[in-house]
Every structure is written in structure tokens, then in C-alpha cells.
Amino acid sequence: MFKHIINEKLELRLLEARHAEAVYEVIEMNRGYLSEWFPWVPNTKNAEHTKTFIENELRRFAHNNGVSTGIFYENKYIGNISIHEINWNSKLSSIGYWISSEYQGLGIVTTCCRELLNYAFETLGLNKIEIRARTDNVRSSAIPIRLGFKQEGILRQVDYNNDRYYDHVVYGLLKDEWRGK
Ligand SMILES: CC(C)(COP(=O)(O)OP(=O)(O)OC[C@H]1O[C@@H](n2cnc3c(N)ncnc32)[C@H](O)[C@@H]1OP(=O)(O)O)[C@@H](O)C(=O)NCCC(=O)NCCS
């Protein structure tokens, strides 16, 4: 088992195929809430789909192309946080996240982002991390703002979900801006 302990309650663990049932259970419990934001939710219909996702993400990690980790709180899987595909030429990537609705508002995702930013800048040696959120996703945007990202622009109609297009706001943080935090 590969894990990163953040504090006595919180860990990031590399997801393995054996976690598929637990991950699917949390997606199923949060289906309505998550499908408001993510187009992949309706296509995730059983634990086999989750297992395929985990296997693809493990392949990405093995190819030095980012990492997808499970957020475990008091030893229980409660959500996901990932470093997406890496542009190694520009040393650029982005972070994405979601958490089970009952665990919102505790600072868990902000804390996990901080850990992944240290990993991205210090261990991987990346130069820039972006976080993108739908312009109407105030809770999500609060995270990069809280962590000192700068708003860089709006991407128009880049997200199609529930029969309509949405704009994304892009936040960026440079390695030099993160140092000393
Ligand atoms: C967006 C999402 C990840 C935010 O999760 P969250 O739990 O609200 O975010 P955090 O863990 O950073 O919590 C921040 C809140 O915890 C509070 N908090 C408590 N302790 C804290 C701490 N030590 N550090 C930071 N914030 C803390 C903050 O005051 C803030 O409260 P507020 O939202 O009432 O202002 C979550 O709502 C979610 O999964 N939504 C659905 C999927 C989604 O939108 N994903 C993002 C797509 S871009």
C-alpha cells in the first residue's frame, strides 16, 4: 500500500483495483451532487467501471504522467484528488478534486491540495499548477483563491454537462509563488 500521511486523521493513498467497491459506493451515495459538476458520473454505473478508471490512473502514474489518489479520512475513503496529465516540456499540470458531500466545509480538500502542491513542485519539480473550476462553482474556486493562486482567465464553453455548456475559470500558481508557504 502506497500512502502519504497528512495528519492523524487524513491520508492520501494511491488507489488500487481492490478499492474499486469502496470508491464506487461513495460515488453512488453522492450521485446527484456529483453529477451536477462532472459529466463522467452518469457513465459510472458499477464497480467494474470504477476499477477500469483506477487501472487507467495507475498506468498514468507508472508512466510518470500524474497521479490519482484517494482521500482517506479516519481510514475511510471519502473522495479523490489528482494531479492530471503532465506537460513535461513546460513542467505544467493541473489538480482536480471532489469529496463526499458530508465531509465538505472541514478544510479537507484545501489541506490535501497543499500536500499535492508540495509534491508537484518539490518532488516532481513542476513549475506551474492550474486549477480549473466552472464559473458557477464557488466552493471549488474558493480553494485556489485560499491557496494563493492567481485568476488567469475564462475559457468559454469548455464543459458540456446536463444538456448545456459551461465556462471555466482558470487559476494558476507558479513554483516561485509557492515557495515558503
Ligand atoms: C469543491 C469541493 C471539493 C470543496 O470541498 P470543501 O470541503 O468545501 O472545501 P475545503 O475542504 O477546502 O473546505 C473549505 C471550507 O472548510 C473551512 N475550513 C475549516 N477548516 C479549514 C482549514 N483548516 N483550512 C481551510 N479551510 C477550512 C473553510 O472555512 C471553508 O468553509 P466554507 O466553505 O464554509 O467557507 C466540494 O464541495 C466538492 O467536492 N464539490 C463537488 C465536486 C466539485 O465541485 N469538484 C470540483 C470541480 S472543479
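Just so you know, all these numbers are worked out from the coordinates, no wet-lab data involved. All values reported here derive from a predicted model rather than from experimental measurement. Glycine gets a Cβ as well: all are built from the backbone with ideal geometry, and neighbour counts include every protein chain shown.
So the values come out like this:
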{"quantity": "Per-peptide average of other Cβ atoms within 10 Å, ordering 96-102, 32-38 highest first", "calculated": "96-102, 32-38"}
{"quantity": "For the range 1-78, convex hull of alpha carbons as volume per residue, Å³", "calculated": "103"}
{"quantity": "Set of lysines near K9 by C-alpha distance (under 16 Å), chain-local residues within fewer than 8 positions excluded", "calculated": "K76"}
{"quantity": "10 Å-binned pair-distance histogram of the chain (Cα, whole percent)", "calculated": "9, 36, 41, 13, 0"}
{"quantity": "Evaluated over the range 37-115, the Cα radius of gyration and Dmax, each in Å", "calculated": "13.6, 39"}
{"quantity": "Rounded to the nearest 20 debye, dipole of the chain from Cβ charges on Lys, Arg, Asp, Glu", "calculated": "400"}
{"quantity": "Residues T111, T123, sorted so that the one with the fewest Cβ neighbours within 10 Å comes first", "calculated": "T123, T111"}
{"quantity": "The range 6-12 - phi-based ³J(HN,Hα) in whole Hz, Karplus 6.51/-1.76/1.60, Gly and Pro as x", "calculated": "8, 8, 5, 9, 10, 9, 9"}
{"quantity": "Segments 161-167, 114-120, 8-14 sorted - mean Cβ within 10 Å per residue, highest first", "calculated": "114-120, 8-14, 161-167"}
